[in-house]
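*Asks:* Have a look at this one before I ask anything.
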Amino acid sequence: MRNRFQKGVIALIIGWLVLFVFLPNLLIIATSFLTRDEQQFVSLKLTFNNYLRLIDPLYADVLLHSLNMALIATLFCLLIGYPFAWCLTKLSARLRPLMLFLLIVPFWTNSLIRIYGLKLFLGVRGWLNDFLLWVGVIEKPFRIMFTSEAVILGLVYILLPFMVLPLYSSLEKLDKPCLEAARDLGASKLQTFIRIILPLTMPGIVAGCLLVLLPAMGLFYVADLMGGAKNLLIGNVIKSQFLNIRDWPFGAATSIVLTLVMGIMLLFYWRATRLLNKKVELK
């Protein structure tokens with residue numbers, strides 16, 4: 001009876017993955033090699049032009065600009081998230097669950113609604129400008145919205161918890177005897193951090209960076225609401241091809257390329273984790 005239940009659960013999971021993951025991706029791959037049709041969206045004429053169009057400087061610039069903003073947002077998330085995760089590990093057993101709960105609470109609200117709230121906060125007539133004018137720090141409202149900085153700020157605001165949680169998990173699992181041994185051998189706090197803490201938490205750093213970098217390139221609504229038309233992410237190109245221009249084959253090809261980039265990054269994470277584990281075992 002137990003074996004039948006296990007096989008049934010496995011079959012259900014495999015069926016779910018095939019129906020809602022494998023087949024949709026297979027359709028996207030097939031569509032990327034088809035030709036645009038004005039009436040039926042796609043025609044069955046095979047072509048590679050959809051991928052060749054991505055070499056066009058216009059789309060290449062959007063891809064590089066998207067990658068640049070995603071990297072900057074990832075760096076800021078790391079600079080903010082690492083000290084925050086470190087402070088979480090230093091809290092008492094009573095306060096730590098509360099802080100983790102407060103970190104996860106934003107996930108209960110749709111990210112689009114939170115971006116609208118951030119937009120109201122940072123606007124020319126928003127609460128931030130009103131507060132700074134009231135305090136006397138500025139004499140007239142300054143403009144933050146519809147800039148690349150606003151897009152990066154929105155990405156950090158949405159994706160920061162994805163950086164903190166892997167870092168917290170790695171920092172919490174630190175081998176305390178190693179830290180005590182470094183202290184007994186006369187290592188300074190900086191030396192302990194560089195030679196022991198940083199290498200041991202590198203899997204969490206890489207995992208957090210990937211969890212931030214990969215979604216950051218596709219959060220088109222952040223760029224739409226915070227950055228305007230001049231600060232596009234690659235997700236904006238995919239969205240416009242499917243919904244506005246109705247060029248499904250080119251949109252599918254762009255999404256496949258983005259998926260391949262993500263796959264290469266995940267492969268890098270897997271290789272880096274293996275190398276780090278080997279180094280730890282050798283030590």
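*Asks:* Run the quick spin-label model on residue 44 and residue 16: label points 7 Å from Cα toward the beta carbon, then report their separation in nm to one decimal.
*Replies:* In this crude label model, residue 44 to residue 16 measures out at 3.5 nm.
*Asks:* How far apart, in nm, are the 7 Å Cα→Cβ label points at residue 246 and residue 264?
*Replies:* Result: 3.4 nm between the two label points.
*Asks:* Return the Cα extents of the chain along principal axes one, two and three, sorted largest first, each rounded to a whole Å.
*Replies:* Result, largest extent first: 73, 71, 42 Å.
*Asks:* Next up: In nm, to one decimal, how far is the residue 109 label point from the residue 184 one, both placed 7 Å along Cα→Cβ?
*Replies:* 4.9 nm
*Asks:* Quantify, in whole percent, the carbon and sulfur part of the accessible surface of the chain (1.4 Å probe; protein heavy atoms only).
*Replies:* Of all accessible area on the chain, carbon and sulfur atoms account for 70 percent.
*Asks:* Less than 16 Å apart at the alpha-carbon level, and either on another chain or at least 8 residues along: which aspartates and glutamates does that give for residue 119?
*Replies:* 130, 149, 224
*Asks:* Which lysines have a Cα less than 28 Å from the Cα of residue 278, not counting those fewer than 8 places away in the same chain?
*Replies:* Hits, sequence-local ones excluded: 173, 176, 189.
*Asks:* So, one more: Hey, got a sec? Which chymotrypsin sites (Phe, Trp or Tyr not before Pro) in the stretch 1-62 land in a DSSP loop and have at most 13 other Cβ atoms within 10 Å?
*Replies:* When the chymotrypsin sites (Phe, Trp or Tyr not before Pro) of the stretch 1-62 are filtered for loop state and at most 13 Cβ neighbours within 10 Å, 48 remain.
*Asks:* Span-like helices, the chain: DSSP H, alpha-carbon axial extent 30 Å or more, mean Kyte-Doolittle -0.5 or greater, which ones?
*Replies:* Within the chain the helices that satisfy the rule are 57-90, 148-172, 248-282.
*Asks:* Taking 8 Å as the Cα distance limit and 6 or more residues as the minimum spacing, I'd like the relative contact order of the chain as a percentage.
*Replies:* 27 percent
*Asks:* Also, quick follow-up: Just how much of residue 31 is accessible, in Å², when a 1.4 Å probe is used and the result is rounded to the nearest 10?
*Replies:* Surface accessible to solvent at residue 31 totals approximately 30 Å².
*Asks:* In whole angstrom, how far apart do the alpha carbon centroids of the stretch 95-168 and the stretch 1-39 sit?
*Replies:* 37 Å
*Asks:* On to the next question. What's the FRET efficiency of residue 51 with residue 71 using the Cβ-Cβ distance as r and R₀ = 22 Å, to the nearest 0.05?
*Replies:* Once rounded, the FRET efficiency stands at 0.35.
*Asks:* Just the accessible area per residue of the stretch 1-46, please: how many Å² with a 1.4 Å probe?
*Replies:* Dividing the accessible area of the stretch 1-46 by its residue count gives 92 Å².
*Asks:* Using heavy-atom solvent-accessible surface (probe 1.4 Å) with all chains present, what is the largest-first order of 205, 194?
*Replies:* Largest to smallest exposure gives the sequence 194, 205.
*Asks:* OK, next. Between the DSSP loop rule and a limit of at most 15 other Cβ atoms within 10 Å, which trypsin sites (Lys or Arg not before Pro) in the stretch 186-257 are left?
*Replies:* Those that pass, being in a loop and sparsely packed, are 246.
*Asks:* To continue, here is another question. Stokes-Einstein D for the stretch 1-46 at 20 °C, 1.002 mPa s, Kirkwood Rh over Cα pairs, in µm²/s?
*Replies:* The diffusion coefficient I find is 166 µm²/s.
*Asks:* Then there is this: Give me the 1.4 Å probe accessible area per residue for the stretch 56-282, excluding ligands and nucleic acids, in Å².
*Replies:* 58 Å²
*Asks:* Oh, and also: Suppose we flag GluC sites (Glu not before Pro) only when DSSP calls them loop and at most 11 other Cβ atoms lie within 10 Å. Which is the longest uninterrupted stretch of the chain?
*Replies:* Longest stretch, sites excluded: 140-283.
The values are calculated or read from the model by the stated rules, or taken from the named source; none is laboratory data. On a predicted model such as this, the values are computed, not experimentally measured, just so you know. No Cβ is skipped: glycine too gets one built from the backbone with ideal geometry, and neighbour counts run over all protein chains shown. Just the protein is used for accessible areas: all its heavy atoms, side chains included, with ligands, DNA and RNA removed. Shrake-Rupley method; radii C 1.70, N 1.55, O 1.52, S 1.80 Å.
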